[in-house]
Structure formats: C-alpha cells, structure tokens
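Heads up: the structure comes next, in structure tokens.
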Amino acid sequence: MNSERIESQIRTEKKMVECEDIQPLLFDYMSRELGEGRAAIVREHLRKCRNCQILAKDMQAAVDLLHKTSKAGSGSPERLSENRRKKIIWAFTHPIISWIYKNIFIFSIIGALIVILTVWMFSKFLIERRFAPLQGEPITVIIVNHGQTNVVIGDTNILKSVDQQ
Amino acid sequence: MDSHRKYKGNTAERIISEYEGALLRYAGLILGSGSLAQDAVEAAFIMVLKDSDKMMGLSRDQLLAELYRTVHHVAVTIAGRQQLCSTGTDVMAAVRKLEPAEQQVIILKILEGKSNAEISSIVGLSEERVARLLYKSVMNVTGKLKKAGLL
C-alpha cells in the first residue's frame, strides 16, 4: 500500500515537470506568488528546459515593458478637477439629488407615470374639445326682409326687438 | 440636518482624496485618455457613494475593491461606446486589445502591483482562477507585443 502511494507520488512529480504543467506557473513564479515547493520544481525545470527558458524570458520582457510604460504615466491627471469633485459631493449630500441617485429605479417609474398621465390628460382634453356637443341655448335663425336687404338675425332677443319695431 | 450633511460631505471628500489617484491611473490605462478617465472615475464615485448606508459599512479594502470594480465596469462601457481598444501600436494598445477581464487583472497585477489575493478580492474570483487568467493575459499581451515588433 505504501509503495503504491510512493509510486503514485513519483508519477505525479514526473507529470508535474512536463512543460505544459510548468508554463501556467511561470508568471506566478516570476512574481513570487508560488510556495517554496512549487517554486523549486519550476526552477529545476527551467534549468533544464530551453523552451520554457525562452518563454519565461519573453514574458519577463513584456512585463518589464508594461512596467516602464505605466511609470511613464497613463495620460490621466492625478486628481479630479474641482468641478467634478463638487458634483460628486453635491450628488452625495443634496437630500433630493442623493435620494434620486439612491432610488433611481423608483424615480424612473414615477417619472414615466407622470409623463404617461400628462399625455393622457392632454389627449383627453383635446378629444373632448373637438367632439363635444355645442353648449348653451339653441339659436334660432330668422331671415327678415328689411327693405331690399335680407338681414339674418340669430338671436331670439333681437328677433323680439325687430317684432316690436 | 446641516451637521449630518456636512459630515457626509467631509466623508465623501476624504474618500475621493484617498482613492482618486489610483482610480484615475487605472481608468487612464484602460481608456488611454485623461478626460475619459475623469468621466469614468466621477461616474464610479457617484455610483458607489449613492448607497451611503452600504458604503459606510465597508472596510477600507472592501471599499477600494468596490471602487475598482465600478471604475472597471464604467471604463469598459465607455471604451465600448467610444469604440476604443482596437487602434494604436503602442504598448498600452496591446493591453487594450485584451478581453476586459484580462485587462483588469493585468493592469492590477503588473501596473498597480497588487498581489493575487488583492486581485481576487477586487474581481471576485478565486486566487487560482486569477493566476490562470493572469498567465493567459501575459501570454496574450506578449504575443501582441511581439507581433507589433515592440519586443
């Protein structure tokens, strides 16, 4: 039983030193993230394997280049502008604005409902105005022959006054 | 009421001063523009600070992780909207051509000098997955730099 375990351990170790098992560990090895045991296996493999040496060298060159570039600066300022700082603090401290930012979903729903209600009420007002029956007393139109001219009178009060004359 | 507002204002001011430099650098590396980086960081601060109750309960590391996550999300959205990432032959263009998750870990690791454990708490992945993602990103960026004749 014991010998079986030792054989399996040897098989595992042999498998571990294959390039395809070592390569994913190379970057962690380079950045010292590996434990001492695994780091020793990688170091030992690198000592013997030319392919992995080349790969490690390329990766290190890329990492160095990225370091150098980042030190040169990303083109962004070190601080936010005063206006932007004020805007953030205002959004954080203003009671209404901070409530809106905090409850943006509820605020959007309320906003949408208000818009829908306004449109609905305005449409209703327009429709009622367009199709509503005429209000007030019916008007009687009478044509009175006044000499040569036909006068159209559209009000009963005026008609009465014409009769009296 | 006014003293509470003043306290909130001071807290926001302190948080901004403490983290703005790192966040601007991070967003700048993704976006390659100072002005867009400021847009991203401003939006991220507003998004994180709006939930003041949650924010006040976070530890320093948790708050930093939340801010990095939010800035990354906003910066990637801006980059997509501006159709960045695909042009240029400089070193950072090679990083910008990576997948967003790869960009995130490589910037945090190589350019910001974070450990795998710190990256794991920021991106919300296990350390093992972070290590695999880092290896893949470094391999990809090495290939792109070689292709561009920069290595």
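Ordering B:S126, B:P100, B:L150 by Cα displacement along the dipole of the stretch B:86-151 toward the positive end leaves B:L150 in first place; charges were set at the Cβ atoms of Lys, Arg (+1) and Asp, Glu (-1).
Only helices enter the 222 nm calculation for chain B: every DSSP H run of n ≥ 4 contributes -39,500 (n - 2.57), and dividing by all residues gives -25000 deg cm²/dmol, rounded to 500.
Dipole size of the stretch B:35-132 about its Cα centre, with +1 on Lys/Arg Cβ and -1 on Asp/Glu Cβ: approximately 160 debye, rounded to the nearest 20. The stretch B:76-151 and the stretch A:63-108 have Cα centres spaced 22 Å apart. For A:S108 and B:R60, a Förster radius of 45 Å and the Cβ-Cβ distance give a FRET efficiency of 0.85, rounded to the nearest 0.05. Annotation for the stretch B:1-87: chymotrypsin sites (Phe, Trp or Tyr not before Pro) lying in DSSP loop with at most 14 further Cβ atoms inside 10 Å of their Cβ do not exist.
A simple count of charges around B:A12, restricted to other residues whose Cβ falls under 13 Å of its Cβ and scoring Lys, Arg +1 and Asp, Glu -1, yields +4. Average projection, convex hull of the Cα set of chain B: 9.4 square nanometres. P(r) for the stretch B:86-151, from all Cα pairs and a bin width of 5 Å, is 4, 20, 29, 23, 13, 8, 3, 0 %, short bins first. To the nearest whole percent, what portion of all C-alpha pairs in the stretch A:31-84 is separated by more than 12 angstrom? Of the Cα pairs, 76 percent sit more than 12 Å apart.
Mean separation of Cα pairs under 8 Å and 6 or more residues apart, divided by the residue count, gives chain B a relative contact order of 21 percent.
Counting Cα-Cα pairs of the stretch B:1-84 in 5 Å increments starting at 0 gives whole-percent bin shares of 3, 15, 26, 23, 14, 10, 6, 2, 1.
Throughout, read-outs are computed from the coordinates displayed, never taken from laboratory work. Only a predicted model underlies this, so the values are computations on that prediction, with no experimental measurement involved. Quick reminder, even Gly has a Cβ in these numbers, built from the backbone with ideal geometry, and neighbours come from all protein chains shown.
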